[in-house]
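Asker: Dumping the structure here so I can ask a few things about it.
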Amino acid sequence: MTQHTDGQDLRREMVETCRQMNATGINQGTAGNLSVRFGDGFLITPSSLPYDRMQPDDLVEMAFDGTYVGRRPSSEWRFHRDILRQRTDIDVVLHCHSIFATTLACHHRTIPSFHYMTGVAGGTTIRCAKYATFGTQQLSDYALEALEGRLACLLGQHGQISLGKTLESALWLANEVETLSRMYVHALTLGDPPVLPDEEMERVIEQMRRMSYGQAPDLDGINDVARPRDAAS
């Protein structure tokens with residue numbers, strides 16, 4: 001995560017990310033919320049303020065004890081707080097009500113490994129958390145359970161959560177979850193699609209891990225990888 005000494009650059013990036021959420025169609029109106037680790041706490045979007053009217057100074061600075069400075073924070077501040085406190089591997093929590101992910105969440109459907117890209121969320125499935133009233137500690141507890149070992153989950157009869165080290169990566173993942181959800185909804189019209197076995201998904205996830213570190217996905221040690229021409233001469 002880029003270090004921001006006074007938070008102003010980060011606040012501007014957060015507002016821009018919120019507006020991109022609506023522009024890409026994964027969020028509508030004042031639904032959804034966003035938080036980023038900052039200092040000894042985090043910044044979070046305020047409650048009930050449309051993103052097209054939101055300004056950097058409207059973002060709320062919160063501590064992990066639930067105290068805040070400025071506007072009233074999002075009603076979902078509890079799961080933002082709890083995820084950031086427990087998941088030291090990530091710095092961004094993005095929540096939205098994207099249509100197809102929410103459609104599956106309304107049926108409490110976990111997304112299985114019907115497509116290899118399910119692995120982008122870090123496991124063989126994208127789980128759906130049990131339903132709880134929005135803004136409650138129960139919802140936060142269920143979200144943490146569904147996110148164990150994962151970077152994304154659905155929230156029963158609610159929406160989705162995607163995590164990342166950066167704003168860009170969290171937004172990218174939220175869009176991927178929505179794309180996978182749309183594909184899965186369409187696939188279900190033909191019946192339950194076949195699911196890739198866990199051992200194949202383990203290979204897929206390892207390939208993704210290697211590529212994220214700039215390594216060639218050459219798991220079997222075969223020396224037939226794409227490489228710059230100068231390196232081949």
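The values are calculated or read from the model by the stated rules, or taken from the named source; none is laboratory data. As the structure is a computational prediction, the values presented were derived from the model and not from experiment. Here the Cβ positions follow ideal geometry from the backbone for every residue, glycine too, while neighbour counts run over all protein chains shown. Ligands, DNA and RNA are excluded from the accessible area calculation, which covers all protein heavy atoms including side chains. Shrake-Rupley method; radii C 1.70, N 1.55, O 1.52, S 1.80 Å.
Asker: For the chain, what is the calculated [θ] at 222 nm in deg cm²/dmol (nearest 500), taking -39500 (n - 2.57) for each run of four or more DSSP H residues and dividing by its residue count?
Answerer: Per the formula, -11500 deg cm²/dmol.
Asker: Let me ask you something else. Could you work out how much longer the chain between K165 and S212 gets when fully extended? Use 0.36 nm per residue separation minus the Cα distance between them, nm to one decimal. Walk me through the numbers on the way to the answer.
Answerer: On the way: separation 47, 0.36 × 47 = 16.92 nm, distance 1.25 nm.
Value of the extension gain: 15.7 nm.
Asker: Using a 1.4 angstrom probe on heavy atoms only, work out the carbon and sulfur share of the accessible area of the chain in %.
Answerer: C and S fraction of accessible area: 49 percent.
Asker: Still on this structure, I have one more. Which net charge results when you count Lys and Arg as +1 and Asp and Glu as -1 among the other residues whose beta-carbon is under 12 Å from that of L188? List each step's numbers first, then the result.
Answerer: Details: positive: R109, R182; negative: D192.
Every neighbour counted, the sum reads +1.
Asker: Next question. With a cut-off of 14 Å, note down the residues of region 53-82 whose backbone N falls inside the zone around a label point 7 Å from the Cα of Q8 toward its beta carbon.
Answerer: Taking a point 7 Å out along Cα→Cβ of Q8, the residues of region 53-82 whose backbone N falls under 14 Å are 56-58.
Asker: Heavy-atom accessible area per residue, the chain, 1.4 Å probe: how many Å²?
Answerer: Result: 51 Å² per residue.
Asker: FRET efficiency for L190 and E16, Cβ-Cβ distance as r, R0 = 45 Å, nearest 0.05?
Answerer: 0.70
Asker: When only Cα pairs under 8 Å and 6 or more residues apart are kept, what is the percent relative contact order across the chain? Could the numbers behind the result be given before it?
Answerer: Details: 400 pairs, mean separation 42.3, N = 233.
Result for the chain is 18 percent.
Asker: Next question. Suppose accessible area is computed on protein heavy atoms with a 1.4 Å probe; arrange H97, H108, H158, H80 from highest to lowest.
Answerer: From most exposed to least exposed: H108, H97, H158, H80.
Asker: If we count every other residue with Cβ under 15 angstrom of Q138's Cβ, Lys/Arg +1 and Asp/Glu -1, where does the sum land?
Answerer: It works out to a net charge of -1.
Asker: Moving on to the next point. Which residue fluctuates most in the GNM of the chain (Cα springs below 10 Å): D91, D192, D57?
Answerer: Per the Cα network of the chain with a 10 Å cutoff, D192 tops the list.
Asker: Which order do the peptides 181-187, 30-36 take when ranked by the mean count of other beta-carbon atoms within 10 Å per residue, highest first?
Answerer: By packing density, highest mean first, the sequence is 30-36, 181-187.
Asker: I would also like to ask the following. Could you give the length gained on full extension between R229 and I99, defined as 0.36 nm per residue of separation minus the Cα-Cα distance, in nm?
Answerer: 42.3 nm
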